[in-house]
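A short write-up of the structure that comes next.
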Amino acid sequence: MTDEVLHPDDSENVLTFTGRFDTNADIRDRLNLVEADKPEGVPLYCNHGNVLVDEHSRGLTCRRCGAVVDPFDWILTRTKFESQVDWQLKELRQEIKDHREGLEKLKREETNCRARIKTAQFRLNDVNMALLAAGEKLVKVKGEK
Ligand SMILES: [Zn+2]
């Protein structure tokens with residue numbers, strides 16, 4: 001008598017042990033397309049900013065996360081970014097122009113204020129001179145009495 005006869009292999013009739021605890025464990029096995037797990041040590045989000053250009057395989061590989069990068073998508077992303085930079089640059093130039101115009105207005109206002117101060121000083125001087133003359137006249141009138 002051999003061991004095969006005493007203990008026949010009926011393992012296909014037995015439920016797997018993990019199946020008792022995770023009732024959905026078999027779902028992943030039934031799928032046709034399964035998403036691969038992310039390798040360990042790879043950042044959660046990577047914009048693939050640094051790429052290795054392999055002339056031999058004609059492909060791009062991210063130097064940070066190791067992902068194979070689609071060349072068109074990579075160029076498109078960079079193009080969109082540069083379009084944003086272009087738009088921001090135009091906005092900043094308009095802001096500089098507005099600030100220069102504001103500065104010119106402030107300079108004109110400063111010149112006008114200096115001229116008004118000078119005019120006011122001349123008027124104040126005239127008032128002081130008239131006040132002094134009136135005071136001397138008053139002293140003279142009082143002295144005559
Ligand atoms: Zn990457």
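Per-structure values
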{"read-out": "Answer residue from the range 12-35, given it is modelled with pLDDT of 80 or more and outside any loop (DSSP other than H, G, I, E, B) and is nearest to R64 (Cα to Cα) among those", "value": "D29"}
{"read-out": "Number of positions in the range 50-66 that are away from the ligand (no atom under 11 Å from the Cβ) and in a loop (DSSP other than H, G, I, E, B)", "value": "4"}
{"read-out": "Evaluation of V141 against (1) under 26 Å from the mean Cα position of the chain (by Cα); (2) exposed (fewer than 10 other Cβ atoms within 10 Å of the Cβ) (one fails), failing number", "value": "(1)"}
{"read-out": "The range 36-49 - residue that is within 27 Å of the chain's Cα centre (by Cα) and within 14 Å of V68 (Cβ to Cβ) and, of those, farthest from the ligand (Cβ to nearest atom)", "value": "V42"}
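The values are calculated or read from the model by the stated rules, or taken from the named source; none is laboratory data. Only a predicted model underlies this, so the values are computations on that prediction, with no experimental measurement involved. Using ideal geometry, Cβ is built from the backbone for each residue, glycine included, and neighbour counts are taken over all protein chains shown.
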